[in-house]
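Worksheet for the structure shown next.
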2 protein chains.
Amino acid sequence: MHDIHQYTKSKEAFSRAARVIPSGIYGHQGPAEGCFVPIEAYPFFSERAQGSYFWDVDGNRFIDYMCAYGPNILGYNDPEVDEAARRQREQGDCITAPSERMIEFAELLVDTVASADWAFFAKNGNDATTGAILCARAHTHRKKIVFFRGYYHGVAPWTQKIDYPGILEEDVANNIYIPWNDVEALHRVFDENKGQIAAVIGQPYMHGNFADNELPAPGFWQTVRRLCTENEAVLIVDDVRAGFRLDLAGSDHYFGFEADLICFCKALANGYNVSALCGKEFLKNAMSSLSYTGSYWLSAVPFAAGIACINKMKRLDLPRLLAEKGERLCAGLIGAAKQYGYDLRVSGAPSLFYLRLADDPSLSLHQEWISECVRRGVYFTCHHNHFMNASLSDADLAETVAVAEEAFSVLRKRHG
Amino acid sequence: MHDIHQYTKSKEAFSRAARVIPSGIYGHQGPAEGCFVPIEAYPFFSERAQGSYFWDVDGNRFIDYMCAYGPNILGYNDPEVDEAARRQREQGDCITAPSERMIEFAELLVDTVASADWAFFAKNGNDATTGAILCARAHTHRKKIVFFRGYYHGVAPWTQKIDYPGILEEDVANNIYIPWNDVEALHRVFDENKGQIAAVIGQPYMHGNFADNELPAPGFWQTVRRLCTENEAVLIVDDVRAGFRLDLAGSDHYFGFEADLICFCKALANGYNVSALCGKEFLKNAMSSLSYTGSYWLSAVPFAAGIACINKMKRLDLPRLLAEKGERLCAGLIGAAKQYGYDLRVSGAPSLFYLRLADDPSLSLHQEWISECVRRGVYFTCHHNHFMNASLSDADLAETVAVAEEAFSVLRKRHG
């Protein structure tokens, strides 16, 4: 039997945090957001991390399948990436004139990402998606943007929902929403908005929260690509979440098409703070024309880390490695469920797998199962995709399946 | 006589950069922006930095008065800040659950900044100002924002100009612009927009580009404060640029008033990548209600660096130190100008001094003088404020004045 984690110090720290920080912990790492439920199953603060694990402030260890919501792709504190960053830090990081690491990183991305003729660096995924929208509007002199419902493209006002606090109708006045995988709808909006659509923006597949993740239907992206070209609209792929976990050449390449603009963040530098917008040659002048920068956007340390991260991902043939580990893990989890008479559904790509226990449409049984896993040191979340990383060992995967089995056995005992 | 710098390798690197990066170097660190003129006087890429200096890729050393456009406040590679960051990095940086460094940093800011009851962290100054606008709109359920002409609040669409590429009229539809220091105009906009103004946003003083910087007129901020309170509008101080160089308790405190929301970035962590939005208790719930986060916003290393930076700034009584160094330097520069019959005007705070040679309204003589300084290893820019840092030694200041003198002598010889 696995130990049941207690979170005494985490709770104390959270009370302290709540006094001086709105929500205590905000965003998807905080208990106020929907995918972090049930909150009593989770630790709030971490003490340290290494490889595939993090330890919370109570000393509990977790095999971490959230990977800081994506950035941890090689394993926490990867020695090669950290060494490259350390060496660069001795030279300098945030300096009045940028370092040549910026050029080398741009050259490496252009070399690696199929649809990239150039790279532009910023700090957040949100900076990259917002830059893409500005670039598309500057190039086309058009306003409207087509989104696929269920999307997440960051937190800038243009990409939030009208009913979210602080958002105005002006912020989203030029947004058009259509269902994922619906080519008829896309045909219709192009017909109804002739010469007005600046861009179509989409994640490579639908990995929204609280729903099974949906891959593109056969031919879907090819039709989107064709319609964008015919209508002179810019095709933007938001690869912030999936980027480098499906294909080092870009998730557009994985699905057999080419984006005009592609946004990266998360896995780009194994947790070092950098994002990138890559694009086609015909959009380079529009990108150059923008008033778009930030205090730390040209800092050298994250570039050095990113170069080391991409080189190591290439050497490891990382997407293949993560897919293999993910497939093996998901098969084990499905088997564990079956053993106790449960029906666990896995969706999305194996390196970004989404889980749903189909035996209870209210999802409360699913949440219960996840809770029992987390309390035993396997960090899953309930209604968000997970993330694989290269440092997950065979022993980690085996222990995960053993914990999942124990959690299912608890559920079966409790509910008969 | 000082050596005249050559930029052979910088130019080669820039050509290489321009092939794979829009504009080669973008933003205020790049040659495409107006304050980086004349471009032939400047190096493009840095090799390393230490204390008050950076070295370019040609091996030229510069006494750096731009400080990476603000972040370098203690000196490049400050040993205390770097050691705190290094120790935290060994523990972990970007982890699924945040570190307690986040709480400690928030507590330290609440302790340090007079108007702060809470702190919210992000990555860019732009994240902080955008968060402030969202928070003000969420709290007031109003749309309009009052700006002071000449402002810079980042690069989000809401704060750009309508004639900038990619910007829509919807982005700026609720912006009201009034002149700096004009209380009559502020009275008028509050009268004409009763119950519609969500916030007034301003930098602590007007430090725009291409113009002498203007301090607040006596009583100006107190009137702004009173009008915001009477009209239930949120008063936002954008302290991204000036923050911690005027007063560790906030630039609002320096000018004798209290903001409702105050935005920090740049000097917050001596170049480590973090920004903060601090605010009053009555806005904490509105801030909590926002959908606002990012992949690296809770990373621990910049928090550890920020804690070390603020503690060291306190110990050094940094604003006093920078003011003293800045006053001494500016007096030396004015004296050097006078010696050759030139009239150098200094404006803004001494720790963020703005320079203008008043003898030629076309500013070309000013640019010529700045060029001669830069080519001799003193890094000024032409039409942007400068930044002092703690590691500038007496010898640095003396050498700067000597270079300025030599540059004036060159001008006098050239123009008679």
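General remarks:
- Relative to the compact-globule estimate of 2.2 N^0.38 Å, the Cα radius of gyration of the stretch B:186-335 comes out at 1.19.
- Sequence ranges B:186-196, B:342-352, A:45-55, ranked by mean other-Cβ count within 10 angstrom, highest first: A:45-55, B:342-352, B:186-196
- Per residue of peptide B:59-72, the mean number of Cβ atoms on other chains within 10 Å of the residue Cβ is 3.
- Net charge of neighbours whose Cβ lies under 10 Å from the Cβ of residue B:221, counting Lys and Arg as +1 and Asp and Glu as -1: 0
- Magnitude of the charge dipole, the stretch B:79-316, Cβ model with Lys/Arg +1 and Asp/Glu -1, debye to 20: 180
- Hydrodynamic analysis of chain A uses the Kirkwood radius over alpha carbon pairs. Inserted into Stokes-Einstein at 4 °C and 1.567 mPa s, it gives a translational diffusion coefficient of 58 µm²/s.
- Note that the stretch B:312-328 has calculated 3J(HN,Hα) couplings of 5, 4, 5, 4, 7, 6, 4, x, 5, 4, 5, 5, 5, 4, x, 4, 5 Hz, one per residue in order, obtained from phi through the Karplus relation 6.51 cos²θ - 1.76 cosθ + 1.60 (θ = phi - 60°); glycine and proline are x.
- Summed residue charge, Cβ within 12 Å of residue B:371's Cβ, Lys/Arg positive, Asp/Glu negative: 0
- Each peptide in A:107-114, B:134-141 was scored by the mean count of other Cβ atoms within 10 Å over its residues; highest first, the order is B:134-141, A:107-114.
- Taking the centroid of alpha carbons for each part, the stretch B:127-178 and the stretch A:1-65 are 35 Å apart.
- Positive minus negative residues near residue A:265 (Lys, Arg vs Asp, Glu; Cβ under 12 Å): +1
- For residue A:192, the label point sits 7 Å beyond Cα toward Cβ; its separations from the matching points on the remaining copies run 3.8 nm, from shortest to longest.
- Ascending list, in nanometres, of distances separating the residue B:2 label from those of the other copies (7 Å, Cα toward Cβ): 6.4
- Entries in B:143/B:284; A:123/B:266; A:161/B:143; A:284/B:9; A:144/B:194; A:11/B:280 that, when Cα-Cα distance is taken, lie over 22 Å: A:284/B:9; A:144/B:194; A:11/B:280
- Ranked by the mean number of other Cβ atoms within 10 Å of their residues, highest first, the peptides A:60-69, B:312-321, A:249-258 come out as A:60-69, A:249-258, B:312-321.
- Taking other Cβ atoms within 10 Å as a rough exposure proxy, B:56, B:127 sort from fewest to most as B:56, B:127.
- One compactness figure for the stretch B:59-203 is 1.35, namely its Cα radius of gyration divided by 2.2 N^0.38 Å.
- Copy-to-copy label distances for residue A:179, where each label lies 7 Å from Cα along Cα-to-Cβ, are 5.9 nm in order of increasing length.
- Using only Cα coordinates, the Kirkwood hydrodynamic radius of the protein assembly as shown works out to 27.5 Å.
Only the coordinates and a few stated rules stand behind these numbers; no lab work does. Here the structure is a predicted model, which is why all the values come from computation and not from measurement. All Cβ positions, even for glycine, are placed from backbone atoms using ideal geometry, and neighbour counts span all protein chains on display.
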